Amino acid sequence: MELVTTVLQLALTTATPIALGAYAGLFSERSGVVNIAIEGMMLMAAMMASFVSAYTNSLFLGVVAGLLTGALMAGLHAVVSIKYKTDQIISGTVINFLAAGVTGHLYQAYLVPPRWPGSAGTFPAMPIPVLSDIPIIGPILFDHQPIVYIMVILTFVIHYVLWYTPWGLRMRAVGEHPRAADTLGINVYFTRYANVMIGGLLAGLAGIWLTLEWVGSFNINMTNGRGFIALAALIFGRWTPFGAFGAALLFGLANAAQIRTQTMFPQVPAEFLQMLPYLLTILVATLRRPIPPAAVGQPYEKA
Amino acid sequence: MTKTPVLEARGLTKRFPGVLANDAVDLTLHKGEVLAMLGENGAGKTTLMNMLYGLYRPDEGEIWVNGRRVEMASPNEAIHAGIGMVHQHFMLIPVMTVTENIMLGVEETRGLLSRIPMLGRINRREVAGRIHSLSQQYNLAVNPDDFIRNLPVGIQQRVEIIKALYRHADILILDEPTAVLTPQEAEELFVIMRNLTQQGVSIIFITHKLKEVLRVADRIAVMRQGRMVGTAQPATATEASLAEMMVGRKVILQVKKGEAHPGQPVLQVQDLYVDDDRRQPAVQGISLEVRAGEILGVAGVQGNGQRELVEALTGLRPARSGQVHIGGVETTHYLPRQVTESGVAHIPEDREKHGLVMAYTVADNLCLNRYYLPPFAQGPVLNQTQIDDEARTLVQKFDVRTPSIYTHAGNLSGGNKQKVIVAREFSHPVRLLIANQPTRGVDVGSIEFIHNQIVSQRDQGSAVLLVSAELDEILSLSDRVAVMFHGQIVKVMPIAEASREKVGLLMAGSATADTDEQVQPQVIK
Ligand SMILES: Nc1ncnc2c1ncn2[C@@H]1O[C@H](COP(=O)(O)OP(=O)(O)OP(=O)(O)O)[C@@H](O)[C@H]1O
Ligand SMILES: [Mg+2]
């Protein structure tokens, strides 16, 4: 019982960056811009959050830096894809390389001793009074660090925005048929910029989770493919927040099970178990034929 | 009697690279009238409308609405000024509902969050209610909760019209609204248009069908090569006079063709079954035969399996069962290229989707069926000079109006796209021509041209399978007529026995049309 509880709690925790990354992709792709740069945005934001929080000794400033970094990276992707109409896959690939290079360099230069001023720590766990005392459910759902709660709340918020508000309607319209939206006086470019950058904020939050909530410091390539798994979750979740959340949870579950079972089967190589969540993601992703937004990846050319 | 102009264009000019699409065009629209716009393909009608609707910025000229000059920087200004437009290609989002499509951009919200711009909760019920009352007022029946992708084009068009009315449009631009409609849907549209004008809406109605113009227009304006060449009154105009005004020469509206001399069977179809996209049976046991030197016309209301039949014959869609032979060789499971190489020319129904690559040049589109063969290719390498030379010849021969052979096909006017397809398909040895709606959206001059091309293919010994929803086209071109209904050929008859009424009844599914075979002999006498 104890084991099940800890595995489920850990599942929700490790699903957090995947879900946030998927929501980042959701805003971008629902408005028609392919975003395979979530990985790079996350990595860069993780690094900047760690860097700023360590040097200012303020977790808050670290969060601000991480969010801004995500938005700026997304802004870069947006300008290149929307204004200059470059192939969006190429833009995303370049941003991923850029992030790997820049973070690797800054890490060597500032985030290892003797320069490293020491970590500003991680967010404390914030058990919710009363609720966290409920047996089983309490620890699984109501005893977490803040970004986990934020992620769960965002799932509902994004569901509301996407399906029930003018913002969501316009965003979907622009991703499906930008010319139709244009003929109704909707600014296609503004809509795409805004949504890609909102996506950047979310990717930034996923990066912040890595350094300021999970590990406590930055490591080279510490995203470890989570940005791509997030994309898989988005696709398997059919570009919907609850779908993506479910897919992220599945990955989180496999990951948590893998972490907890490593000690139980010492004879199985750890790398083999670590591979399982990724393998599961691939298998699951082949189950359903995804139907992406019709205009995703196509730059809009005004007549 | 002088009426107030609700809309006025003064000296509108628009240039595209290599084309003067509109050359100082003047246009006046009066309150409550239907102004029909005629003009050849590429004359500049759509361009003019796009300027009036704020989609293109005019290079010169002014737009006045109700006596006020309006700067149309974007569709927003046009919508604000009360202008609505139904585009030649619908601007609807298939995966959204009628309600969502209509309210897009002018959503109503309710609840706590409605003070925050764009984040309030959409009030679907209110919007659906307004849609309902508009559809009552103007007799435009739609179901607000239907998804666009499930609706027939006729209904989609109503949604487009309601979309404009929902934004309080009192000037409505309809760009070739009847091109995609069945004759019956077109009739319904005309009733709707009358309804609208009686309630004060003014309409600009673009079409290539002269009969429609004479029926519904209050006034007629004609464009040619970017210029407004004049106006006419439906009371005094005739089809011939309008055609001449448009094209600048006399047009023979009647197809000239001699007796058919049918030879060997070229296309033989036996008991063919084909499914549609939703895996429902669409073609249900069709057998037919087309001989060399004859035109078999397949009449039928759109959506009775014609598209699936043609796609199965051309290798674009698998047949569930049955056999197809072309020239005695079984081709049932051929790939499209193998079908082409057996001497089949195909004019597809949807030219945008299946006929052309929009992002390719006219020249490249013209050799799509042969680019891999000499002289266009030497081994794996294309010979662009040969391709371009051929393209120049074809553009000339088929009178494609394009600024150059390097223009992207997507930038051609609708009718000229069609001519590019016809030119390509007729430029290799053909023994079977399969033409599906070959003249949809094409101007009278080009219809004459395409019809003559089809007849001359026949006279050179090709077999022709002509599928068309235009009864006139079927009756004037075919040597034999087959009527398709619910995926079956309900009757095949020689042209002499195919009266308009009889074919019309059969198309509508009335098996009793057979009874007027007793009437038929009397008619012939
Ligand atoms: N976006 C564009 N870029 C370049 N050229 C264009 C563009 N739109 C139209 N043209 C050119 O402008 C001319 C007028 O085209 P337009 O679409 O207005 O013709 P139309 O009268 O509507 O013809 P149709 O009856 O075939 O629809 C054509 O020569 C066309 O090739
Ligand atoms: Mg046009």
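Just so it is clear, none of the values below were taken in a lab; they were calculated from the coordinates. Here the structure is a predicted model, which is why all the values come from computation and not from measurement. With ideal geometry, Cβ positions are generated from the backbone for all residues, glycine too; neighbour counts draw on all protein chains shown.
When Rg and Dmax are taken over the Cα atoms of chain A, they come to 19.4, 64 Å.
Based on Cα atoms of the stretch B:137-251, Rg over Rh with Rh as the Kirkwood radius reads 1.01.
Spin-label model, residue A:83/residue A:263: points 7 Å from Cα along the beta carbon direction are separated by 5.3 nm. Here's the picture: a label point sits 7 Å out from the Cα of residue B:137 along the beta-carbon direction, and within the stretch B:150-167 the residues with their amide nitrogen under 15 Å of it are B:161-167. With each label modelled as a point 7 angstrom along the Cα→C-beta vector, the residue B:492-residue A:106 pair spans 7.5 nm. The stretch B:464-495 and the stretch B:89-147 have Cα centres spaced 41 Å apart. Once the C-beta distance of residue B:386 and residue B:271 is scaled by a Förster radius of 41 Å, the resulting FRET efficiency is 0.40 to the nearest 0.05.
Label sites at residue A:285 and residue B:241, each approximated as a point 7 angstrom past Cα along Cα to Cβ, lie 6.8 nm apart.
At full extension, residue B:115 and residue B:68 could sit 13.6 nm farther apart than now, given 0.36 nm per residue minus the alpha carbon distance. Sparse packing (at most 16 other Cβ atoms within 10 Å of the Cβ) combined with a DSSP loop state is found for the following GluC sites (Glu not before Pro) in the stretch B:55-102: B:71. If you bin all the Cα-Cα distances of the stretch B:272-370 at 5 Å, starting from zero, the percentages per bin are 2, 11, 20, 23, 20, 13, 7, 2, 0.
Restricting to chain B, compute how many DSSP beta bridges are antiparallel as a %, nearest 5.
Looking only at bridges with both residues in chain B, the antiparallel portion is about 55 percent.
Of all lysines in the structure, the ones whose alpha carbon falls short of 26 Å from that of residue B:353, not counting any fewer than 8 places away in one chain, are A:85, A:302, B:45, B:163, B:209, B:397, B:417, B:419. Summing +1 for each Lys or Arg and -1 for each Asp or Glu among the other residues whose beta-carbon sits under 14 angstrom from that of residue A:27 gives +3. Between the listed residues B:252, A:41, B:266, the Cα displaced farthest toward the positive end of the dipole of the protein assembly as shown, a dipole computed from Cβ unit charges relative to the Cα centre, is found at A:41. Note: relative contact order over the stretch A:238-303, using C-alpha pairs below 8 Å and six or more positions apart, is 38 percent.
Which residues make up the longest stretch of chain B that has no chymotrypsin sites (Phe, Trp or Tyr not before Pro) in a DSSP loop with at most 15 other Cβ atoms within 10 Å? Longest run free of exposed loop sites: B:1-359. With a sphere of radius 9 Å drawn around the Cβ of residue B:178, what net charge do the other residues whose Cβ falls strictly inside it have (Lys, Arg +1; Asp, Glu -1)? Value of the local net charge: -2.
Let a ≥ b ≥ c be the square roots of the eigenvalues of the Cα gyration tensor of the stretch A:112-215; is it rounded (a/c under 1.5), or, if not, prolate (a/b larger than b/c) or oblate? Mind dumping the intermediate values first?
Numbers: a/c = 5.08, a/b = 1.64, b/c = 3.10.
It is oblate, given that a/c is not under 1.5 and a/b is not larger than b/c.
Each Cα pair under 8 Å and six or more residues apart adds its separation to the average, and for chain A the resulting relative contact order is 36 percent. Over the C-alpha trace of the protein assembly as shown, radius of gyration and Dmax come out as 31.7, 110 angstrom.
Starting from the stretch B:220-306, pick out the GluC sites (Glu not before Pro) whose DSSP state is loop and whose Cβ has at most 13 other Cβ atoms within 10 Å.
Values: sites: B:239, B:244, B:259, B:289, B:294; in loops: B:259, B:294.
Loop-located and lightly packed - B:259.
Sparse packing (at most 12 other Cβ atoms within 10 Å of the Cβ) combined with a DSSP loop state is found for the following trypsin sites (Lys or Arg not before Pro) in the stretch A:214-303: A:288, A:302.
Helix content alone sets the calculated 222 nm mean residue ellipticity of chain A: runs of n ≥ 4 DSSP H residues at -39500 (n - 2.57) each, divided across all residues, give -22500 deg cm²/dmol.
Candidates B:134, B:97, B:109 compared by Cα position along the dipole of the stretch B:91-169: farthest toward the positive end lies B:109, with charges placed on Cβ. Pop out the Kirkwood hydrodynamic radius of the stretch B:91-169 from its pairwise C-alpha distances, inverse of mean 1/r, in Å to one decimal. Evaluated on the stretch B:91-169, it is 12.8 Å. Once the convex hull of all Cα atoms in the stretch B:69-224 is built, its volume per residue stands at 137 Å³. Legend: calculated FRET efficiency, residue A:134 to residue A:219, from the Cβ-Cβ distance at R0 = 51 Å, rounded to 0.05, equals 0.90. A Förster radius of 45 Å, combined with the Cβ-Cβ distance separating residue B:145 from residue B:13, puts the computed FRET efficiency at roughly 0.50. When shorter helices are ignored and each DSSP H run of at least 4 residues is given -39500 (n - 2.57), the per-residue value for chain B at 222 nm works out to -9000 deg cm²/dmol.
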